[in-house]
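For reference, the structure discussed in these notes is given below.
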Amino acid sequence: MWDFMSTFSSVVPDRKPNPLLDQQNIQKIQPYQRLAAYYDSLMDYIDYDTWVADIKTLVAPYEPGKTWLDISCGTGSMAIRLADEGIDMTAVDLSAHMIDIARDKARSTKLDIDFSVGNMVDFASKKSFDVIINLHDGLNYLLETSDIELFLKNTYALLKPGGILLFDVVTPLLCQTHFRGYREIFNDERGGYERHTSYDPNSQLAESVFTLKTDNSDTVDVESHIQRAYEQDDVEGFCASSDFEWWQILDDESLEQPTANTERFIVMLRKSE
Ligand SMILES: C[S@@+](CC[C@H](N)C(=O)[O-])C[C@H]1O[C@@H](n2cnc3c(N)ncnc32)[C@H](O)[C@@H]1O
């Protein structure tokens, strides 16, 4: 896995100056550590209900059973909606902070979801699943082809025969369009964050640096989130070298064949019966 501590502030050459990083003491912390508390505000513009509807439409022709796994569940927004529709949900995320928030959210809805901290490349379970989802850029956190191969091997093993793996992939076009020199400031009573993003088309690496104030005014916490964008050829290659026998790559807006304007792929793979 990528060690962001050793590469921090050097992977993406078009990084814009951030005065907060220059003037204050920095404590480097893990991705989705303090940002976890702000994640739902950050994703406020996402229509999770439409995502749930689209996923159900995509898998419906295969009539999958109701045992599902969300393998990068974040704060549980998808898992909670799916459980509310009667799906038996298991949900995993690398960040214990995201899982804590997901558990709190589910508790307040009284839904029974099996949450745990885990890594998508080696998460193990006694259960087998009808559907595994990994949505909103989770796969782009895998920076090495070898990690994507492990992810596909692991999910194949976790699926029942006929089971479906469904994930999305952010493309270089999306990063070129939205990640170059983007800056966002979010303030609230908890202190808020400042986000600076950058993108290097050569390496296809995108970096979002979140700076968060601490109780000590001389110090800021910094989370560096590094993701790799993938082209359709990259994704085709990953699918072709996996154990899955069938797959489809779609545009996330039209749910049809991708075009030159596709910013995000939806990838669906199926294990043979
Ligand atoms: C952009 S968030 C998406 C969260 C959620 N799927 C959603 O739709 O809101 C990406 C998530 O992937 C998680 N993640 C990153 N690498 C991971 C890994 N190797 N295994 C499991 N989760 C991972 C992060 O902790 C984060 O919660």
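Bear in mind that the values in this text are calculations on the coordinates, not laboratory data. A quick note: this is a predicted structure, and the numbers were derived from the prediction, not measured. Counting neighbours? That spans all protein chains shown, and the Cβs are built from the backbone with ideal geometry, glycine included.
Points worth noting:
- For the stretch 71-229, with +1 on Lys and Arg beta carbons and -1 on Asp and Glu, the positive-most of Ser72, Met89, Leu212 along the dipole: Met89
- Point-to-point label distance, Thr57-Ala157, nm (Cα→Cβ direction, 7 Å offset): 3.6
- Mean-position separation - Cα centroids, the stretch 96-174 and the stretch 212-273, in angstrom: 12
- Backbone N atoms of the stretch 228-243 closer than 18 Å to the 7 Å Cα→Cβ label point of Asn202 belong to residues 228-229.
- Using C-alpha pairs below 8 Å separated by at least 6 residues, the relative contact order for the stretch 207-271 is 24 percent.
- When DSSP beta bridges are restricted to pairs lying wholly in the chain, around 60% turn out antiparallel.
- The peptide list 170-183, 87-100, put in order of mean Cβ contacts within 10 Å with the highest first, becomes 87-100, 170-183.
- For Lys160, the residues whose amide H sits under 5 Å from its own are Phe129, Asp130, ignoring neighbours fewer than 5 places away on the same chain, with H placed 1.01 Å from N.
- Per-residue packing, averaged as other Cβ atoms within 10 Å, sorts the ranges 101-109, 218-226 into the order 218-226, 101-109, beginning with the highest.
- Inter-site label distance for Arg103 and Ser254 at 7 Å from Cα along Cβ, in nm: 4.5
- A Förster radius of 45 Å, combined with the Cβ-Cβ distance separating Ala124 from Asn187, puts the computed FRET efficiency at roughly 0.65.
- Taking a ≥ b ≥ c as the square roots of the eigenvalues of the Cα gyration tensor, an a/c ratio of 1.5 or more together with a/b no larger than b/c marks the stretch 106-236 as oblate.
- For the stretch 106-256, a crude dipole built from +1 on the beta carbon of Lys and Arg and -1 on the beta carbon of Asp and Glu, taken about the Cα centre, is about 520 debye to the nearest 20.
- Test item: Cα-centred dipole of the chain, Lys/Arg +1 and Asp/Glu -1 on Cβ, debye: 520
- Relative contact order (percent, whole number), the chain, Cα cutoff 8 Å, 6+ residue spacing: 21
- The angle between the Cα long axis of helix 96-109 and the main principal axis of the chain comes to about 60°, on a 0 to 90 degree scale.
- Relative contact order of the stretch 52-125, defined on C-alpha pairs under 8 angstrom at six or more residues apart (%): 30
- Packing, as the average of other Cβ atoms within 10 Å across residues, places the peptides 248-255, 30-37, 79-86 in the order 30-37, 79-86, 248-255, highest first.
- Seen against the Cα atoms of the chain and their longest principal axis, helix 48-59 is set at about 30 degrees.
- Using the Cβ of Gln227 as centre and a radius below 10 Å, the other residues enclosed give a net charge of -1, where K and R count +1 and D and E count -1.
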